[in-house]
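All remarks here apply to the structure that follows.
The values are calculated or read from the model by the stated rules, or taken from the named source; none is laboratory data. Being a predicted model, the structure only gives us computed values, none of them experimental. All Cβ positions, even for glycine, are placed from backbone atoms using ideal geometry, and neighbour counts span all protein chains on display.
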Amino acid sequence: MDFTFTTEQRLMASAFRELADTVCSPQQLRAAAEGRRHAADAAGAADATDAVAAESQARWHQFAAIGIAGVLAPEAYGGMGLTDVDFVLIAEQAGHAALPEPLVEHAGLAVPALAELAQEPRVAELLAKAAAGRTCVAIGHPINPFVLDAGRSDYLLLAHNHEIHLLESTHARLIAQPSIDPSRKLFKVEPVSGDSTRVATENRAQQVAQRILARGSLYCAAQLVGLCARMIELAVAYARERRQFGKPIGACQAIKHQLATAQVKLEFARPVLYAAATRAGLLDERSQAVLSHAKIAATDAADFAARTALQVHGAMGYSWEVDLHFYMKRAWALAGAWGDRGFHLRRLGDRLLEGGLPLGPGHTFEDVQT
Amino acid sequence: MAIQLHYTPEQTTFRAQARAWLREHVPAEPLPTLESEVGFVQHREWERTLARGNWGMITWPREYGGRGVGLIEWLIFEEEYYRAQAPARVNQNGLFLLGPTLMEFGTALQKSRFLPQMAAGETIWAQAWSEPQAGSDLAALSATARRDGSQYVLRGHKIWSSRATFADWCFGLFRSDPDSQRHRDLSFILVPLRHPGVRVRGIRQIHGEPGFAEVFFEDARVPLENRVGEAGQGWEIAMATAGFERGLMLRSPARFQVTAHRLFELYRRHASTAEPGLAATVLQAWMDAEAYTLNTYMTATRIMAGGSIGVEASLNKIFWSELDLSMHRAALSLLGARAELLPHAPDAGDVGAWLEGFLFSLAGPIYAGTNEIQRNIIAEKLLGLPRE
């Protein structure tokens with residue numbers, strides 16, 4: 001029994017955090033959301049839209065340069081060959097930064113799915129490029145009505161009709177679906193069929209799709225935990241600085257107690273998330289229950305933190321000028337992604353209330369013989 | 001090492017061993033509540049039974065009556081203990097609060113004098129901290145310990161002292177300099193409760209039993225060697241004790257996992273008449289009990305790797321106390337019109353211990369420092385918000 005991260009795992013997450021602080025600051029998020037270039041490059045010939053795209057591209061390459069795209073890819077394909085326990089801390093930090101690019105979906109979901117399908121030569125070839133971050137793969141799954149970043153990705157990996165299809169994005173029919181979160185570019189993707197794109201069928205396709213859902217829930221939960229932490233940080237900083245009645249508002253118990261409650265929810269979502277990370281590749285009932293639990297706990301923690309942080313900020317928090325809304329919007333969006341609360345609660349209920357999963361002490365980690 | 005969440009074969013064997021012993025020794029019928037005189041006696045007897053099996057306090061070194069096992073074994077033992085529905089630990093203030101405090105701050109003599117007796121169930125301990133004018137504001141306490149040669153002379157009035165009505169000893173906080181202010185010059189002193197100058201008066205709790213007491217110190221004399229730590233170190237030691245109280249030892253996750261499991265069974269029996277939405281509450285109970293378990297294992301392995309538990313104890317205390325309350329409220333809701341029945345009512349049906357548990361769960365957000373005080377601690381010490 002060891003429930004602590006290694007020094008290497010912590011170092012990798014903090015390297016990610018440092019880079020995110022540099023290339024994905026609130027000012028940069030704001031510039032991207034407002035369609036302005038962040039760098040004061042007045043001489044740039046490109047128009048603002050191109051500049052935003054170029055900055056996004058540059059950010060992607062900087063994360064790729066430290067190997068993030070290939071953390072979960074096998075070493076034979078140029079990846080690091082690491083596990084979900086290694087990547088979960090990175091996904092948490094991506095959430096903390098409200099990263100506008102689909103790096104978590106690419107590296108956390110698409111890359112391991114490609115690795116599962118790598119006996120297909122065209123998948124193998126793509127996997128090496130994806131692991132290096134030289135190409136971006138968006139992922140479609142029946143749990144989500146839309147595909148995140150289908151438009152700016154190079155490839156689509158689509159699980160539908162009990163099959164998995166891989167195609168170039170330019171070959172798909174996409175309908176943009178604007179989101180409240182300006183960084184989330186959602187698209188309705190017309191289903192595809194046919195031999196030229198099909199990379200898995202039947203049992204194999206089903207297993208790949210189930211693991212995509214498992215990692216989707218896991219890494220969505222990880223980002224929500226990161227967002228929760230970020231929103232608490234923002235609210236605490238504001239409560240220390242903002243003065244009313246001659247003292248910082250953060251000295252008032254009405255503020256303190258709300259923020260403390262948010263912190264309790266965060267602290268108790270984390271161990272669930274980390275336990276779920278050890279089970280993302282497994283498809284048994286208990287693993288599914290733990291993954292659903294992680295998604296629900298993270299959603300609830302982030303939701304409470306968003307609500308609290310907004311109230312702590314008062315009218316300032318309701319303004320576009322204060323950064324909080326970028327993180328709140330991401331949290332609201334992710335609450336519904338990769339299975340909303342209703343989906344995961346029903347899935348838990350099916351396994352716990354209706355199903356035969358043993359309950360009570362001693363079953364948290366394994367189904368001990370009773 | 002990376003995260004791996006499995007028990008070793010030795011731990012699995014240990015679990016089987018604990019399970020077998022408990023199966024053989026746990027009383028078939030639940031004991032009367034330990035808050036009553038007759039229940040107290042029987043619970044003390046159970047502590048002696050545990051000690052005879054060497055299960056009194058397994059994490060302690062052998063020389064103090066333990067087995068010298070680690071925290072994971074402790075959690076396994078607790079899982080089996082609650083699964084077996086073994087009696088509540090009447091000496092929990094001693095075993096889980098004073099015990100670890102003595103390990104850290106006690107002299108070798110104090111350890112060898114008090115710990116084996118505690119593990120053996122021979123000395124039952126109570127806590128004497130709160131006073132009528134010093135509850136949440138504990139540092140406002142005014143009981144004094146005046147030094148007279150080789151003795152302390154104790155004066156003051158302590159209150160809300162759990163189990164002091166029938167217990168043998170208490171660990172108290174006293175002001176060793178009567179002119180001192182707040183946290184300064186407090187001392188942590190061990191006092192026998194059946195002792196000249198010590199008067200104990202039981203206070204009936206909400207359920208009618210004298211579960212806590214007032215303790216009056218009227219020039220009670222104890223030797224200086226009953227002081228734990230240095231004179232004036234009392235606040236620091238008390239805060240460490242409070243950390244144990246809110247933290248890892250006092251409220252094992254297994255306790256809540258068992259309650260969540262019982263709640264599931266109750267829900268299955270009453271689902272057809274249950275209030276809409278209660279299924280979600282029941283599932284939430286499972287999730288929160290699991291989250292608390294995972295958090296505890298995470299803390300345990302962090303401590304085993306050399307870490308310590310600090311302000312996290314306040315997070316724990318809020319979480320388990322609110323969870324316990326929520327589960328019992330859900331159970332009473334499921335029981336509907338029968339929820340008010342005492343277990344011996346002829347038509348009590350399956351009300352069982354839910355009502356008693358509900359009353360106890362109501363105390364959770366109050367004892368061991370109210371949840372409002374815990375939130376202040378989290379806000380100031382963890383989040384860095386300014387003091388009021």
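A few notes on this one:
- For the range B:69-88, the criterion of being more than 18 Å from the chain's Cα centre (by Cα) and more than 14 Å from chain A (Cβ to nearest Cβ) is met by no residue.
This table checks each residue for (1) under 20 Å from A:A301 (Cβ atoms); (2) surrounded by fewer than 16 Cβ atoms within 10 Å (Cβ to Cβ).
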position: B:E265; (1), (2): no, yes
position: B:T281; (1), (2): yes, no
position: B:A300; (1), (2): no, no
position: B:G306; (1), (2): no, yes
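- The residue that is nearest to the chain's Cα centre (by Cα), counting only those in the range B:213-249 that are modelled with pLDDT of 90 or more and more than 16 Å from B:S187 (Cβ to Cβ), is B:A213.
- Scan of the range A:345-361 for residues that are touching a residue at least 60 places away in the same chain (Cβ under 8 Å), of a type in the set (A, V, I, L, M) and outside any helix (DSSP H, G or I), ordered by number: A:L357
- Checked against (1) aliphatic (A, V, I, L, M); (2) more than 30 Å from A:D323 (Cβ to Cβ); (3) surrounded by 23 or more Cβ atoms within 10 Å (Cβ to Cβ); (4) touching a Leu at 6+ places or on another chain (Cβ under 8 Å), A:V123 passes all but condition (3).
Okay, residues lined up against (1) in contact with a Gly (Cβ under 8 Å, 6 or more places away or on another chain); (2) surrounded by 18 or more Cβ atoms within 10 Å (Cβ to Cβ):
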{"site": "B:P30", "(1), (2)": "no, no"}
{"site": "B:S36", "(1), (2)": "no, yes"}
{"site": "B:G39", "(1), (2)": "no, yes"}
{"site": "B:A51", "(1), (2)": "yes, yes"}
{"site": "B:E63", "(1), (2)": "no, no"}
{"site": "B:G66", "(1), (2)": "yes, yes"}
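- Number of the condition not met by A:A132 [criteria: (1) in contact with a Phe, Trp or Tyr (Cβ under 6 Å, 6 or more places away or on another chain); (2) surrounded by fewer than 24 Cβ atoms within 10 Å (Cβ to Cβ)]: (1)
- There is no residue in the range A:77-85 that is outside any helix (DSSP H, G or I), at positive phi, touching a helix residue (DSSP H, G or I) at 6+ places or on another chain (Cβ under 9 Å) and at pLDDT below 95.
- Single match in B:Q42, B:Q11, B:Q85, B:Q92 (criterion: farther than 30 Å from B:S161 by Cα and among the polar types (S, T, N, Q)): B:Q11
- Search result, residues across the range B:147-183 that are touching a strand residue (DSSP E or B) at 6+ places or on another chain (Cβ under 9 Å), of a type in the set (K, R) and surrounded by fewer than 16 Cβ atoms within 10 Å (Cβ to Cβ): B:R147
- Contact map, the range A:74-95: residues that are within 11 Å of chain B (Cβ to nearest Cβ) and touching a residue at least 40 places away in the same chain (Cβ under 8 Å) paired with residues that are in a helix (DSSP H, G or I) and among the basic types (K, R), Cβ distance under 6 Å, separation 6+ or inter-chain. No pairs are found.
- Meeting the requirement of 3 or more residues that are more than 8 Å from chain A (Cβ to nearest Cβ) and within 17 Å of the chain's Cα centre (by Cα), the helices (runs of 4 or more DSSP H) wholly within the range B:283-388 are B:312-335, B:354-363.
- None of B:E45, B:E10 is closer than 30 Å to A:T7 by Cβ and surrounded by fewer than 19 Cβ atoms within 10 Å (Cβ to Cβ) except B:E10.
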